[in-house]
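The values are calculated or read from the model by the stated rules, or taken from the named source; none is laboratory data. Just so we're clear, the structure is a prediction, and the values are computed from it rather than from any experiment. FYI the Cβ positions are ideal-geometry reconstructions off the backbone, even for glycines, and counts take in every protein chain you see.
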Amino acid sequence: MIAPHGGRLVDQVLSPEQSAEAARHAASLPPLHINHDLARDAQNLARGVFSPLAGFIGQPDFESVMNADRLTSGVAWTIPIMLDVPSADTVNPEGEIALFDETRPEQPLAVMQVEQVWRWDKLAAAEHVFGTTDSSHPGVAGFLARGDYLVGGPLELIDNDRGPYADYNLFPAETRQVFEDRGWKTIVAFQTRNVPHAGHEDLQKTVLGLADGLLIQPIIGKKKSGDFRDEVILQAYQVLIDKYFNPQRVFLNILPTEMRYAGPKEAIMHAIMRKNYGCTHIIIGRDHAGVGNFYGEEDAIDIFERFPDLDIQPIVIRGDFWYCRTCARVASDRTCPHGEAEQISFSGSLIRKGILEGQAPPAEIMRPEVYDVIRSFEQPFVD
């Protein structure tokens, strides 16, 4: 099986017995209440999703990422996993703190050893990660809204709650065991923040002709307005898999983290995380993790040339796709000679517009069962 990123799968999750003792210890520590997105990051750090990081990024690694897109160890890394605070004196720069998820304030989340507290340049960091300082970019706006100081250091997780989608939230060590039990040696990851349309299904079934298994892994977490809600995405994929896939070749599992919309830099992070889950390949498509017109259509594909040491291999999908009436199948500008009159678009904005207007997408574009899931929700989109 493919090695975790950096060579070691991090496990900072305390056992139930250790958690009870750590919770008692946490009661004596200075508390820091963090939002749910940061709490998810803390859980992912402890569970190995962000291996080799064992805690929120420290200053040396942060500066190395800003300068070279690598940790100080030389391991590829493009988006820092940060804990921000409003001022330098929010935490003791040399000591332990107890982290609390603001949505579960009665339960200590983790104990963290503070190693550095430093002021960061938000605009410079945004420029490096997102390629812009334009605050209309949701990732940039997110950086600018964060505290002025960052806190780095390792943590140990007390609250290992799997959240509302527990059955779909297997951790990297657990998905690796599933893949091993199934005898899968080549596993392709499919990253998504949308419900499936026929283009997605066609692509997923194509790669199943090349690999032993497929991990469909929707991002579950904060998204921008207009994206599909988490529960809609999961139910839509479950009905598609139940009715139209060989269940022994597909595994549906969530990635509980926020979308950062960092385009090419996020494509690398998506690959790193799926490598930690045990995937050997990842599908990278046109404008992967992009937003608006901030990135070129193939920037997220081209960036992989800069990271030949990732080990996980991108399966790149180039071109614009549609359903061609004449070809009677999913086609693209690389495969289909027919004009626009024969094309039915997979445009996400057009699909959303039709759904909002109560119009079912053509069956060539979306399975009726998927649309039935969507329309069963009074509000299928993020406000």
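Within segment 111-129, residues that are farther than 26 Å from GLU96 by Cα have Cβ atoms under 9 Å from residues that are of a type in the set (Lys, Arg) in these pairs: HIS128/LYS265; VAL129/ARG260; VAL129/LYS265, counting only partners at least 6 apart in sequence or on another chain.
Surrounded by 16 or more Cβ atoms within 10 Å (Cβ to Cβ), more than 29 Å from ASP167 (Cβ to Cβ), acidic (Asp, Glu) and modelled with pLDDT of 95 or more: does that describe ASP299? Considered against the rule, which asks whether it is surrounded by 16 or more Cβ atoms within 10 Å (Cβ to Cβ), more than 29 Å from ASP167 (Cβ to Cβ), acidic (Asp, Glu) and modelled with pLDDT of 95 or more, ASP299 comes out as yes. Of the residues making up segment 209-237, those that are at pLDDT below 95 and of a type in the set (S, T, N, Q) number 1. Say whether the condition of being touching a strand residue (DSSP E or B) at 6+ places or on another chain (Cβ under 7 Å), modelled with pLDDT of 95 or more and not charged (D, E, K, R) is met by at least one residue in segment 283-293. Yes - at least one qualifying residue is present in segment 283-293. Hey, can you tell me all the residues within segment 207-231 that are assigned to a strand (DSSP E or B) and closer than 23 Å to ASP41 by Cα? Scanning segment 207-231 gives LEU215, ILE216, GLN217, PRO218, ILE219, PHE228. Take the conditions (1) part of a loop (DSSP other than H, G, I, E, B); (2) closer than 22 Å to PRO368 by Cα; (3) of a type in the set (Lys, Arg); LYS243 misses just one of them, which is (1).
Selection of segment 345-383 for residues being aliphatic (A, V, I, L, M), over 17 Å from TYR244 (Cβ atoms) and assigned to a loop (DSSP other than H, G, I, E, B) yields ALA360, VAL382.
State the number of residues belonging to segment 232-249 that are free of Cβ contacts under 8 Å to residues at least 24 places away in the same chain and under 17 Å from ILE219 (Cα atoms). Total meeting the criteria: 1. Annotation note: Cβ proximity below 9 Å between a residue of segment 11-38 that is within 15 Å of GLY153 (Cβ to Cβ) and a residue that is part of a helix (DSSP H, G or I) and among the polar types (S, T, N, Q) (sequence gap 6+ or interchain) occurs for LEU32/THR90. Every listed requirement among (1) of a type in the set (Phe, Trp, Tyr); (2) surrounded by fewer than 16 Cβ atoms within 10 Å (Cβ to Cβ); (3) assigned to a helix (DSSP H, G or I) is met by PHE62 save one, (2). For segment 193-206, filtered to residues that are aliphatic (A, V, I, L, M) and in a helix (DSSP H, G or I), the residue that is farthest from ILE365 (Cα to Cα) is LEU203. Can we say SER73 is surrounded by fewer than 21 Cβ atoms within 10 Å (Cβ to Cβ), modelled with pLDDT of 95 or more and out of contact with any helix residue (DSSP H, G or I) (no Cβ under 9 Å at 6 or more places or on another chain)? No, not satisfied.
Consider segment 313-341 and keep the residues that are under 23 Å from the mean Cα position of the chain (by Cα) and more than 15 Å from ASP202 (Cα to Cα). The one that is surrounded by the most Cβ atoms within 10 Å (Cβ to Cβ) is PRO314. Applying the criterion of being surrounded by fewer than 20 Cβ atoms within 10 Å (Cβ to Cβ) and within 21 Å of THR192 (Cα to Cα) to the residues of segment 342-354, the residue that is modelled with the highest pLDDT is SER345.
All of (1) closer than 22 Å to GLU174 by Cβ; (2) part of a loop (DSSP other than H, G, I, E, B) hold for ARG274 with one exception: (2).
Filter segment 1-44 down to the residues that are in a loop (DSSP other than H, G, I, E, B), of a type outside the set (D, E, K, R), modelled with pLDDT of 95 or more and exposed (fewer than 15 other Cβ atoms within 10 Å of the Cβ) and list them by number. Once the filter is applied, which keeps residues that are in a loop (DSSP other than H, G, I, E, B), of a type outside the set (D, E, K, R), modelled with pLDDT of 95 or more and exposed (fewer than 15 other Cβ atoms within 10 Å of the Cβ), segment 1-44 yields ALA3, SER15, ALA27, SER28, PRO30, ASN35.
Would you mind stating whether LEU53 is in contact (Cβ under 8 Å) with a residue 24 or more places away in the chain, closer than 25 Å to ILE303 by Cβ and assigned to a loop (DSSP other than H, G, I, E, B)? For LEU53, the condition - in contact (Cβ under 8 Å) with a residue 24 or more places away in the chain, closer than 25 Å to ILE303 by Cβ and assigned to a loop (DSSP other than H, G, I, E, B) - is met.
Contact list please: Cβ distance under 8 Å, first residue in segment 313-324 and aliphatic (A, V, I, L, M), second residue assigned to a loop (DSSP other than H, G, I, E, B), pairs at least six apart or on different chains. Listed pairs, sorted by first residue: ILE315/LEU210; VAL316/GLY285; ILE317/GLY285; ILE317/ARG286.
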